[in-house]
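Note sheet for the following structure.
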């Protein structure tokens, strides 16, 4: 676990600019017209519409995506009552989490008022600004009254996350932990150490899931809460026991199936853990020091199922996997409240998600091969990208079914896609790729079938319905890896190209290849030997029509792959070179970049081919190419080196393709800023146009540039490398490609095969 120092924390909060959140405009503001629309006089029109129909505030303002995180600072973290202003860093942090995980805007509001009545009055007066209220760090029992009153007086979602967020996540965890150890929630004995807001809410959720109150013992600082104790709060009365034979935690824990700690560190001993029932469940949720350490609990009882609130141990109970998505679903339906039905829907969705195969991005984030549902993984990880869709949609459905939704969702497929796009998981462009590929799926050969990433990508591509995968590699090894990763190989063909049962195919491929290469230095025996190599074998499958597309690159050096592609597939007629392109999908639109992989130091002829291929590739994606050929100089200011080569290519392109929007040589800032370009060089042939394609003068520049953009554009999406110029669909990945990257390239390869098929039919 990374040790956080005071100095590092203070520097983090102060650095660059103070604080953790900011406000950004969402509309254009560069012209007088923009400003007149944003403010006076244009702003009067939505004001009048909202006056006539108040719910139109969700239509014309940010109300429907705006949550207030409100606190009076009376129970900040484990620091206690430190005051409203002192708690502001926590509220800003909550706002950050809302934004990065749920795409929700936040104003943090610190109210210097401890009186519950006055506090509520303040919130009630500012509530029209917001689509939801997240109460935070308010001490018990005042927090119970404040939440109940605001839920009663306001017609927007109100949730005290310290209570319900923890309750929802721990309920999901308990549901799954009981499934793992095979116990019935109606029969298990539960000990809850702590009787604050979170403990009360958690226990209520457990009862809603099926736990029996008679099987629950709750303790506060005085010990077991019994029904004969004087001056009990209404909340504690709910779980006061009629038993008189238990008083301490040591007595209560004997024979218990479940321990839930929401109290303080190091109160649960190893001896107490040993006294619990078989396969005990321990949720030690005190922060930063749990009621018992993970190491002590697991050494005392190897059969324990353990959760903490910490990131460095399995099964973290982390509110961040709940509140952004609960509010997301509530806001998207313009819900009047967050009710019990919505909370339970969230808990069940979180629990269900943990039972499903884990995306590659999660495994990569935690540096493991594969999380599998069981003792060490029964709660989803915060980085799981599926939380936004699964939990938000479950909450939205519950809001509609329980009658609190103002704005029902009708198209759930579109809503799921909207959520993916909102968080940059998937764009409309990517979805269109998948839809096109899905309309006519093709046989795609995956070269490195024994590579876990490519294996999972093949399975995912099949699940998406975009192809019929063929895996090359040792079948025994592939099945073993698939079993470890919990991947279903049904309907996926596996070819062990080196097996004796492939002798006839290898021989046949060798004959075809030898004939093609007989005047290029290959003997028939050499051709036979080459068919034992996956790239030669796989590409020959495509060349002979026994497959439609080929994906390779996770293991192989590009230089070798390029050589094989040239020999087996060949370059498209009319060209002497082929290349690759990367597509960068940014907030400003799609940008095509070439050549990013193949040609290291292109001469004029190579650049000429790359320019033509780039135009063709952009049209392939149903876009009109507007191409800037780049250099370090502009329009003839340097007459040597790469600048001169680009200059000559542009002259040739203008002669031969007068209708193509292309110009250069130019610097990248002039390419991307049409106002600057047109002002300084009014003669340019791209005047008034936004460039969508960049052709670089060499491989180093192109490759580095797209990777810089990829690193800096957090919400962007990069698809590629996309092959352009080979006779058939041979597409490449690289060793750092994720499962998603490979699936995206697979979709492109399938579309490539579809287009090729249509061309042949037309011929």
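Rule-based calculations on the coordinates, nothing more; no lab input. None of the values given here were measured: they were computed from a predicted structure. For neighbour counting, all protein chains shown are included, and Cβ atoms are generated from backbone atoms with ideal geometry for every residue, glycine included.
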Response to the item:
residue 651 and residue 287 label points (each 7 Å along its Cα→Cβ direction) are spaced in nm at 6.7
Fill in: With Cα atoms, 0 to 90° folded angle of helix 739-762 axis to the chain main axis
40
Response to the item:
Quick calc, residue 475 & residue 638: beta-carbon distance into FRET formula, R0 51 Å, rounding 0.05, result 0.35
Fill in: Ranked list, fewest to most other Cβ atoms within 10 Å of each Cβ, for 189, 6
6, 189
Discussion item. Quick check: Cα centre of region 221-276 to Cα centre of region 636-686, how many Å?
Written reply: 77
Practice prompt. Evaluate the relative contact order of region 579-725 (contact order divided by residue number), counting alpha-carbon pairs under 8 angstrom at least 6 apart; express in whole percent.
Written response: 39
Worksheet item: DSSP beta bridges in the chain, what fraction antiparallel, as a percent rounded to 5?
Response: 25
Worksheet entry | region 579-725 shape via C-alpha gyration tensor axes, a/c threshold 1.5 | rounded
Worksheet item: Tell me, what is the FRET efficiency for residue 303 and residue 486 to the nearest 0.05, using R0 = 22 angstrom and their Cβ-Cβ distance as r?
Response: 0.45
Response to the item:
Fraction of alpha-carbon pairs in region 153-223 farther than 14 Å apart, rounded to whole percent, equals 62
Worksheet item: Expressed as an acute angle from 0 to 90° and rounded to the nearest 10, what is the orientation of the C-alpha long axis of helix 197-209 relative to the principal long axis of the chain?
Response: 80
Discussion item. With only alpha-carbon pairs counted, each pair once and no self-pairs, how large is the Kirkwood hydrodynamic radius of region 319-478 in angstroms?
Written reply: 17.5
Practice prompt. Would you give the gap between the C-alpha center of region 289-342 and the C-alpha center of region 149-214, rounded to a whole Å?
Written response: 11
Worksheet item: In whole percent, what relative contact order does the chain give with Cα contacts below 8 Å and a gap of six or more residues?
Response: 9
Worksheet item: Angle between the Cα long axis of helix 534-543 and the longest principal axis of the chain, 0 to 90 degrees, nearest 10?
Response: 70
Fill in: Sum of -39500 (n - 2.57) over DSSP H runs of 4+, divided by residues of the chain (222 nm, nearest 500)
-13500 deg cm²/dmol
Fill in: Computed lengthening from residue 35 to residue 758, 0.36 nm per intervening residue step minus Cα-Cα distance
255.3 nm
Item to complete: Pull out the extension gain between residue 243 and residue 707, defined as 0.36 nm times the separation in residues minus the alpha carbon to alpha carbon distance; nm, one decimal.
Response: 160.5 nm
Worksheet item: Restricting to region 171-317, what percent of DSSP beta bridges are antiparallel, rounded to 5?
Response: 10
Worksheet item: What FRET efficiency comes out for the pair residue 518/residue 605, r = Cβ-Cβ distance, R0 = 30 Å, nearest 0.05?
Response: 0.65
Worksheet item: Could you give the nm distance between label points at residue 498 and residue 376, where each point is 7 Å from its Cα heading toward the beta carbon?
Response: 3.0
Discussion item. Suppose we keep just the DSSP beta bridges with both residues in region 579-725; what percent of those would be antiparallel, to 5?
Written reply: 50
Worksheet entry | Estimated inter-spin distance, residue 96 and residue 588, nm [label 7 Å along Cα→Cβ] | 2.7
Worksheet item: How big is Rg to Rh over region 6-156, alpha-carbon atoms, Rh as the Kirkwood inverse-mean-distance radius?
Response: 1.03
Worksheet item: Just one of (i) 2, 10, 15, 16, 16, 14, 11, 8, 4, 2, 0, 0; (ii) 2, 12, 18, 20, 18, 14, 9, 4, 1, 0, 0; (iii) 2, 11, 21, 25, 20, 11, 5, 3, 1, 0, 0, 0 is P(r) over Cα pairs in 10 Å bins from 0, in percent as worked out from the coordinates here. Which one is it?
Response: (ii)
